[in-house]
Amino acid sequence: MIPLKDNIPTDRFPVVTVALIALNVLMFFFFQKVGLSLGGANVDSQNVIDYGAIPYEITHPGEQCDVPGAVEACSDSNSGPATWLTLFTSMFMHGGLLHIAGNMLFLWVFGNNIEDAMGRIKFALFYLGGGLAATALQVLIDTDSTVPSIGASGAVAAVLGAYALIYPRARVVTLIIIIIFITVIELPALLVLGLWFLMQLYYGSSELAQPVAGGGVAYWAHVGGFLFGLALVKLLARRENSNYGAYNPRPGIY
């Protein structure tokens with residue numbers, strides 16, 4: 001399922017959402033210097049190692065290259081940034097064009113309404129906090145991993161969790177692709193985001209039972225970000241969007 005747009009107009013232009021998308025795109029093309037590669041073949045591996053978040057380095061401060069048999073997967077402490085800084089740089093880096101396109105699409109569809117509900121400053125802090133929470137759960141699940149983790153999906157997952165809780169009845173225009181069957185339908189946000197979250201739990205649990213050699217998708221980061229969004233959105237979202245009730249009335253008998 002690929003969300004294309006929702007049916008809740010925003011009251012204000014989403015300055016922070018647009019800025020975050022722009023920053024991710026600039027990092028991808030100018031900092032990472034990635035070409036138009038769908039699968040990430042042109043990604044600079046040393047750049048990813050130096051600026052990605054490596055669980056082992058986070059859980060073993062000062063032991064950047066002290067993993068037996070896996071030294072090549074650790075950043076060079078002499079040239080890379082401080083480990084704490086990679087917690088932030090990693091959430092603005094991506095592994096390929098499809099990776100960043102998917103994350104930015106989800107951020108645009110759902111982020112503008114969450115920014116509208118929270119306000120710009122709180123939304124920016126919420127987004128960064130969601131990324132940190134996502135990394136924290138991924139590190140907790142796989143403390144000794146030497147595979148760098150990059151991507152905005154953990155922070156974006158926090159936005160999805162927030163949206164699912166405060167706008168569950170919103171309608172989302174969704175592209176459905178099942179093998180050769182392709183259609184566009186309008187679905188409730190809770191269904192779209194709930195299924196997405198259950199898929200992350202399923203695939204994350206599957207990887208715990210049968211780990212993927214060389215890393216893979218950081219499903220537990222998605223779970224961590226989503227739960228962060230669920231936990232904090234009601235504390236931060238103070239503005240009620242009048243368009244939500246108008247476009248999505250509560251179900252009932254009249």
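The values are calculated or read from the model by the stated rules, or taken from the named source; none is laboratory data. Remember, predicted model here, so these are calculated numbers, not experimental data. Quick reminder, even Gly has a Cβ in these numbers, built from the backbone with ideal geometry, and neighbours come from all protein chains shown.
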Residue check for Glu72: part of a helix (DSSP H, G or I), out of contact with any Leu (no Cβ under 9 Å at 6 or more places or on another chain), modelled with pLDDT under 80 and surrounded by fewer than 15 Cβ atoms within 10 Å (Cβ to Cβ): yes
Contacts under 7 angstrom Cβ, first residue in segment 190-217 being closer than 30 Å to Tyr244 by Cα and at pLDDT 85 or above, partner part of a helix (DSSP H, G or I) and not hydrophobic (A, V, I, L, M, F, W, C), 6 or more apart: Leu193/Tyr163; Gln200/Tyr219; Gln200/His222
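Is it the case that segment 207-215 has a residue that's within 17 Å of Asn103 (Cα to Cα) and of a type outside the set (Lys, Arg)?
At the first step, the residues of segment 207-215 found to be within 17 Å of Asn103 (Cα to Cα) are none.
Among the residues of segment 207-215, not one is within 17 Å of Asn103 (Cα to Cα) and of a type outside the set (Lys, Arg), which makes the answer no.
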Scan of segment 98-109 for residues that are buried (at least 19 other Cβ atoms within 10 Å of the Cβ), over 12 Å from Ala155 (Cα atoms) and in contact (Cβ under 8 Å) with a residue 60 or more places away in the chain, ordered by number: Ile100, Val109
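Please specify each residue of segment 122-146 satisfying the condition of being over 19 Å from Ala218 (Cβ atoms), surrounded by fewer than 18 Cβ atoms within 10 Å (Cβ to Cβ) and in contact (Cβ under 8 Å) with a residue 12 or more places away in the chain.
Residues of segment 122-146 that are over 19 Å from Ala218 (Cβ atoms), as a first pass: 122-126.
Checking the rest, the ones that are also surrounded by fewer than 18 Cβ atoms within 10 Å (Cβ to Cβ) come to 124-125.
The answer is Ala124, and nothing else.
Could you please find all residues in segment 221-248 being aromatic (Phe, Trp, Tyr) and at pLDDT 95 or above? Can you show your working first?
Let us first name the residues in segment 221-248 that are aromatic (Phe, Trp, Tyr), namely 226, 228, 244, 247.
Within segment 221-248, Phe226, Phe228 meet the criteria.
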Flag for Gly40 being small (Gly, Ala, Ser), more than 30 Å from Tyr244 (Cβ to Cβ), surrounded by 14 or more Cβ atoms within 10 Å (Cβ to Cβ) and modelled with pLDDT under 90: yes
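Among the residues of segment 12-25 satisfying the criterion of being exposed (fewer than 14 other Cβ atoms within 10 Å of the Cβ) and closer than 27 Å to Leu191 by Cα, which is nearest to the chain's Cα centre (by Cα)? Walk me through it before giving the result.
Taking segment 12-25 first, the residues exposed (fewer than 14 other Cβ atoms within 10 Å of the Cβ) are 12-13, 15, 19, 22-23.
Add one more test, that the residue is closer than 27 Å to Leu191 by Cα, and what stays is 12-13.
Details: Arg12: 23, Phe13: 22 Å.
Once the filter is applied, the top-ranked residue is Phe13.
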